[in-house]
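The values are calculated or read from the model by the stated rules, or taken from the named source; none is laboratory data. Keep in mind the model is a prediction, meaning the values are calculated, not measured. With ideal geometry, Cβ positions are generated from the backbone for all residues, glycine too; neighbour counts draw on all protein chains shown. With ligands, DNA and RNA removed, areas are computed over all heavy atoms of the protein, side chains included. Shrake-Rupley method; radii C 1.70, N 1.55, O 1.52, S 1.80 Å.
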Amino acid sequence: MGACLRFALLFTIFFLVWVSGSISIPNKQSLGIDPQDLSYYKSNVIKCKDGSKKFTKELLNDDFCDCPDGTDEPGTSACPEGKFYCQNAGHVPVKIFSSRVNDGICDCCDGSDEYHSKANCTNTCWEAGKAARGKLKKKIETFKEGLILRKEIVEKAKQAYVKDEEELAKLKNDEKVLKELVQKLREQKERVDKLEEEERLKKEKEEKRLREEEEKSKEQEKKTEETEHDDTIDNHDQDGSKSSPDIEIESGDDSRESKTASHEAVEQDQVESVTTEELSREELGRLVASRWTGEGADQTADKIRNVEEDLMDQKPYVAHEHKGFTSETDDDRAKEEEEEEDDDDADSNEDSFHDDRDDEFADDHADLDGSYNTNEYEQTDPVDTTEASSSSWLGKIQQTVQNVLQAFNFFKTPVNVSDATHIRKEYDDASSKLSKVQSRISSLTEKLKHDFGKEKEFYSFHDQCFESKQNKYVYKICPFKRASQDEGYSSTRLGSWENFEESYRVMVFSNGEKCWNGPDRSLKVRLRCGLKNEISEVDEPSRCEYVALMSTPAVCLEDKLKELEKKLDQLNAPKGHDEL
C-alpha cells in the first residue's frame with residue numbers, strides 16, 4: 001500500500017515538473033508544423049504550397065526563406081508569411097505568425113514559440129484548458145443527444161415527404177376527374193340558365209302584351225262611355241218635347257186601363273232590372289233613351305228580348321250573381337235559372353281551362369318527376385374510379401354528378417325550380433371542391449421545390465416560424481418563407497427566403513424592405529447544434545444587415561461529434577510530434 005502511494009507521488013511530481021518547467025527544444029524538422037501537415041513534409045523533395053518552387057528536406061527550418069509563402073520555414077521567423085503551430089497540449093492548439101517566434105514573448109501557452117529566446121516560458125496549458133475542456137465535454141454531450149433527436153427528425157421528415165408526394169399525385173388525379181365533372185355540370189347549368197332566360201323573356205313579353213291590351217281596353221271603354229254619355233244627353237234634349245204630350249193621361253180614364261198600365265210598367269221595370277246588367281253600355285244607353293222617346297212598352301220589351309236572345313246565342317261568359325232579387329213571374333224564374341246555368345258553365349269552362357294548363361305542365365315534367373328525386377343519389381351503386389376510393393369524397397361526387405346528368409339529359413319548359421336549384425348546387429359544390437384541390441396542389445408543388453437538406457432534415461421547418469424577443473423588437477423567422485422585425489403593431493420585412501449556405505449551416509433571407517439611404521434589409525441565420533429549435537441571438541453588425549444565431553438538432557452531425565471527441569482526446573492526453 002505504501003509503495004503504491006510513493007509511486008503515485010513520484011509520478012505526480014514528475015508530471016508537474018514536466019508541465020511547469022522550461023520547454024525543451026523540439027525536433028528541428030517538425031518544429032512549428034501542424035500535425036495534419038506532417039505527411040506533406042515526409043518526402044526528400046518538398047514543393048512550396050504556392051507552387052512557386054521546390055526545396056530539399058535539408059532546407060526545412062534552416063532559418064532561410066526559400067518559399068515566398070513560408071512553406072520551408074514553419075518553425076522559424078525567416079519567412080514573414082509563415083505560420084507557427086502551437087500544439088498547446090491540454091488546451092486549444094493555435095497558429096501564430098512566424099515573425100513572433102523567438103521574439104521574447106510567450107505566445108503559446110506551452111512556450112514552444114520561444115525555444116531559442118531568453119524568455120522563461122512555463123507551460124500553463126493544463127490550467128488554462130480546464131474551462132475549455134469542460135465546455136468541450138458539455139458540447140459533446142449536447143451533440144450526442146442532438147444526434148439521437150436528429151435521427152428521429154430525419155425519419156419523420158422522410159415519411160412526411162413521401163406522404164406529401166403521394167398526396168400531390170392523388171390530388172392531380174382528383175383534379176383531372178373533377179375538371180371533367182365540373183365541365184359537364186357547367187354545360188347542364190348553362191342549359192338550365194338559357195331555358196330559364198327564354199321563359200323569363202317569354203313571360204315578360206306576355207305580361208307586356210296583356211298590359212297593352214288592358215290599357216287599350218280601358219282607353220276604349222273610356223271613349224265609349226264619353227260617346228254614350230254625350231248621345232244620351234243629346235237624345236234627352238231632342239226628345240223631351242216630343243214625349244211630353246204622349247205621357248199625359250186623360251182624366252176620367254177607366255180604372256182597369258190604369259191598373260193594366262201600372263202592371264205593365266212594373267213588369268217592364270222587373271225585366272229591365274234583370275237584363276240591364278247583361279246589356280252592353282251602348283244598348284243600356286238606348287234603353288234609357290227609349291224612356292224619353294216615348295217608345296211603347298211592347299217595343300222596348302221586344303228589344304230587350306232580342307238582346308237576351310243574342311246574348312244566349314253567344315259563347316258562355318262568367319255572369320254576376322244578383323243577390324236580393326226575387327222574380328214574381330215564371331219567365332223571370334226561368335231567366336234566373338238560365339243565368340245560374342250560365343254561371344256554372346262559365347265556371348266549368350274556367351276550371352277546364354286551368355285543368356288544361358295543369359295537364360300541359362304535367363306532360364312537360366312527367367319524365368323528370370318520374371326519374372329524379374333527392375334520395376336517388378344515396379341509393380345508387382358506387383362509381384368506379386382510377387383510385388380505389390369509391391367510398392371517398394371523390395367517389396361520392398362522381399356518383400352524385402352521374403345521377404344528376406342522367407336526370408337532366410333533356411329539359412322541357414317551363415323549368416322545374418327544384419331541378420334547377422339542385423343542379424346549380426351540385427355545380428357550386430363541385431367547383432368549390434375543385435378550387436380547394438387546385439389550391440392544395442399549388443401549395444404542395446411550391447413546397448416540394450425547396451431544398452430541405454441532404455436527408456430532408458429541415459422538412460419540418462417549412463410549416464414553422466420561430467420567434468425571439470430582443471429588447472423592444474420581436475424577430476420572427478419563417479424558414480422557406482420570410483423573416484420580419486416586429487415592434488407593436490408595425491412590422492418590418494427583413495427579407496424573403498433565398499437559400500442555404502455553407503453546407504446547410506446558414507439560412508439566407510434577402511430583398512427585405514429598403515433602409516433609408518441604405519441597402520435592402522437582409523438576414524443570415526447561423527445554425528448550431530442544440531436540443532431544440534431556438535433563436536438565441538440577433539445582431540446588426542452592419543447597417544440593415546442582420547445576423548441571428550439559432551440552435552437546432554438538425555445540424556447535430558455525427559462527423560462533427562467525432563471531431564469534437566478527437567479534440568478532447570488531444571486536450572486530455574498531450575502528444576509530441578512524430579519524427580519526420
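Considering only region 135-147, I want to know if a residue exists there that is open to solvent by 60 Å² or more (accessible area, probe 1.4 Å) and among the hydrophobic types (A, V, I, L, M, F, W, C).
no
List every residue pair whose Cβ atoms lie under 9 Å apart, where the two residues are 6 or more positions apart in sequence or sit on different chains, the first residue falls within region 33-61 and is touching a residue at least 60 places away in the same chain (Cβ under 8 Å), and the second residue, located anywhere, is in a strand (DSSP E or B) and not hydrophobic (A, V, I, L, M, F, W, C).
Final answer for the pair search is 33/85; 34/83; 34/85; 34/95; 35/85.
Which residues, taken from region 450-486, are open to solvent by 70 Å² or more (accessible area, probe 1.4 Å) and in a helix (DSSP H, G or I)?
Scanning region 450-486 gives a single hit, 463.
One line per residue, one yes/no per condition, for (1) of a type in the set (Lys, Arg); (2) at negative phi; (3) touching a residue at least 40 places away in the same chain (Cβ under 8 Å); (4) open to solvent by 90 Å² or more (accessible area, probe 1.4 Å):
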site: 160; (1), (2), (3), (4): no, yes, yes, no
site: 164; (1), (2), (3), (4): no, yes, yes, no
site: 169; (1), (2), (3), (4): no, yes, no, no
site: 180; (1), (2), (3), (4): no, yes, no, yes
site: 183; (1), (2), (3), (4): no, yes, no, no
site: 186; (1), (2), (3), (4): yes, yes, yes, no
site: 189; (1), (2), (3), (4): yes, yes, yes, no
site: 197; (1), (2), (3), (4): no, yes, no, no
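Quick check on this structure: which one of 447, 433 is open to solvent by less than 70 Å² (accessible area, probe 1.4 Å), modelled with pLDDT of 75 or more and within 15 Å of residue 172 (Cα to Cα)? Give the derivation first.
Values: 447 fails: within 15 Å of residue 172 (Cα to Cα).
So the residue among 447, 433 that is open to solvent by less than 70 Å² (accessible area, probe 1.4 Å), modelled with pLDDT of 75 or more and within 15 Å of residue 172 (Cα to Cα) is 433.
If the Cβ limit is 8 Å and pairs must be 6+ apart or interchain, which residue in region 505-522 that is touching a residue at least 24 places away in the same chain (Cβ under 8 Å) pairs with which residue that is among the small types (Gly, Ala, Ser) and assigned to a loop (DSSP other than H, G, I, E, B)?
520/512; 521/512; 522/512
How many residues does region 34-76 hold that are open to solvent by 40 Å² or more (accessible area, probe 1.4 Å) and among the β-branched types (Val, Ile, Thr)? Don't jump to the end; show me each part of the working.
Quick first cut of region 34-76, residues open to solvent by 40 Å² or more (accessible area, probe 1.4 Å) only: 35-37, 39-40, 42-45, 47, 49-54, 56, 58-59, 62-65, 68-69.
Within this subset, residues satisfying the condition of being among the β-branched types (Val, Ile, Thr) are 45, 56.
The number of residues fulfilling the criteria is 2.
Which residues, taken from region 103-120, are in a loop (DSSP other than H, G, I, E, B) and either modelled with pLDDT under 90 or not hydrophobic (A, V, I, L, M, F, W, C) (or both)?
103, 104, 107, 110, 111, 115, 116, 117, 118, 119, 120
Would it be correct to say that residue 505 is surrounded by fewer than 16 Cβ atoms within 10 Å (Cβ to Cβ) and either farther than 30 Å from residue 85 by Cβ or at pLDDT 95 or above (or both)?
yes
Mind checking which residues of region 531-559 are assigned to a helix (DSSP H, G or I) and either surrounded by fewer than 16 Cβ atoms within 10 Å (Cβ to Cβ) or at pLDDT below 95 (or both)?
Across region 531-559, the qualifying residues are 558, 559.
Given (1) assigned to a loop (DSSP other than H, G, I, E, B); (2) under 42 Å from the mean Cα position of the chain (by Cα), where does residue 156 come up short, assuming only one miss?
(1)
Among the residues of region 77-100, which ones are of a type outside the set (Gly, Ala, Ser), farther than 30 Å from residue 130 by Cα and open to solvent by less than 50 Å² (accessible area, probe 1.4 Å)?
The one that is of a type outside the set (Gly, Ala, Ser), farther than 30 Å from residue 130 by Cα and open to solvent by less than 50 Å² (accessible area, probe 1.4 Å): 79.
Just give me the residues in region 518-534 being in contact with an Asp or Glu (Cβ under 7 Å, 6 or more places away or on another chain) and under 20 Å from residue 457 (Cβ atoms), in sequence order.
531
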